[in-house]
Amino acid sequence: MTSPSLVWTSRGWSNDAAPWIPVGDLAAHHGFGFFETLRAYRGRVFRPDDHFARMARSARAFRVKLPLDAGGFRRAAADLLQKHGNPDARVRLTVTAGPPPLAAIQVLPLAPPSDAAYRRGVSVWLAPWIRCTRSALAGHKSLNYFENYWARTEGERRGHFEALFLNERGELSEGTRANVFWADRGRVFTPALSTGILSGVTRTALLEILRARRVPVEECACGPGALFEAREAFLASTIVEVLPVVSVGRRRIGNGRPGPLAALLRREFRRKVGRELAGAGR
Ligand SMILES: Cc1ncc(COP(=O)(O)O)c(C=O)c1O
């Protein structure tokens, strides 16, 4: 058995074998709390302030007082990563609603998609369940991710990498752990925030890259037909970065092979990460 991994908590250092949420915490009862998944590149996390700001927005919306601030989070994550040997890793910040609210930071294995997945592309499943724009939880990375977890699990059981949700208006929204983009006739599309999606840190970075390159890009509210007819499509998230999608259910996207835009954006995204982590700003 491997030894328990060191974990930072707002009550002191701990490890992942130790209990940390009291039985009465609202996170345990109702999934009331928030989380962020960040990616560390050789021990340095990408855009920690953006991830923290997203959580802080949710905490304000649900009147939870976060037990740490952005600076405290940055320092604790850096300290924890250093104690783990500055790896490439997934860094998870979890905050429970309490009372009192508690925070934990974990360094976890990265487990990105395989090289073959990037080379060949992946398929996604249209989930039969909807993302509801009028849900109190829409757009929040709450601990109540059971719906996302279940759609992904059912998608995986059918041989798909990810599941996509339509919203109650029939508009494409997002995946269970990623935003979605597609390209057609020189234009790039991604569902608008009004479709009920999480405002992805990766999505924002890709929009910056596209706009800087003057690629026409549209944040849209459209049905799945737009995706079916696209030349190429891809998922965007902290963990997958930019991952080509080559089919939706049984429908092939474009020629059924990863497209050039996904490859270019993955390269450009990696460059951006490298530049920012080297301290060169955005
Ligand atoms: C539902 C959902 N949408 C989009 C994303 C992508 O967000 P980010 O780029 O910040 O990882 C995630 C990330 O986990 C997510 O859970």
> Which value in Å does the Kirkwood hydrodynamic radius of the chain take, with 1/r averaged over all unlike C-alpha pairs and then inverted?
Replying inline: 19.6
> Considering amide H positions built from the backbone, and no H for Pro or chain starts, which residues 5 or more places from Val188, or on another chain, come under 5 Å of its amide H?
Replying inline: Val217, Glu218
> If packing is taken as the mean number of other Cβ atoms within 10 Å per residue, what is the order of 208-214, 131-137, 37-43, highest first?
Replying inline: 37-43, 131-137, 208-214
> Roughly how many Å is it from the Cα centre of segment 1-45 to that of segment 85-120, as a whole number?
Replying inline: 10
> What FRET efficiency do you get for Gln82 and Arg213 if R0 is 45 Å and r is their Cβ-Cβ distance, rounded to the nearest 0.05?
Replying inline: 0.80
>> Quick check: residue separation of Arg119 and Glu154 times 0.36 nm, minus the Cα distance between them. What number comes out in nm?
In response: 10.2 nm
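Sort largest first and round to whole Å: the equivalent ellipsoid semi-axes of segment 240-282, each the square root of five times a Cα gyration tensor eigenvalue. Let's see the in-between values first.
Numbers: eigenvalues 177, 16, 5 Å².
After diagonalising the Cα gyration tensor, the semi-axes are 30, 9, 5 Å.
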> Distance in nm between label sites at Cys220 and Ala111, each 7 Å beyond Cα in the beta-carbon direction?
Replying inline: 3.4
> lysines within cross-link reach of Lys65: Cα-Cα under 22 Å, excluding same-chain residues under 8 positions apart?
Replying inline: Lys141
> Size of the dipole of the chain about the Cα centre, Lys and Arg at +1 and Asp and Glu at -1 on the beta carbon, nothing else charged, in debye to 20?
Replying inline: 680
> With point charges of +1 on the Cβ of Lys and Arg and -1 on the Cβ of Asp and Glu, referenced to the Cα centre of the chain, which listed residue (Ala53, Ala236, Gly186) lies farthest in the positive direction of the dipole?
Replying inline: Gly186
> Taking a point 7 angstrom from the Cα of Arg92 along the C-beta vector, which residues in segment 145-176 have backbone N less than 18 Å away?
Replying inline: 145-154, 176
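Stretch Asp50-Glu229 to full length: gain in nm at 0.36 nm per residue minus the Cα-Cα span?
My answer for the length gained is 61.1 nm.
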> Once label points are set 7 Å from the Cα along Cα→Cβ at both Ala278 and Arg252, what is their separation, rounded to one decimal in nm?
Replying inline: 4.1
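Stretch Ala61-Asn15 to full length: gain in nm at 0.36 nm per residue minus the Cα-Cα span?
Once the chain is fully extended between Ala61 and Asn15, it gains 13.5 nm.
Quick note: the coordinates plus some simple rules give every number you see, no bench work behind them. No experiment lies behind these values; they were computed from the predicted model shown. Virtual Cβ from ideal backbone geometry, glycine too; neighbours counted across all protein chains shown.
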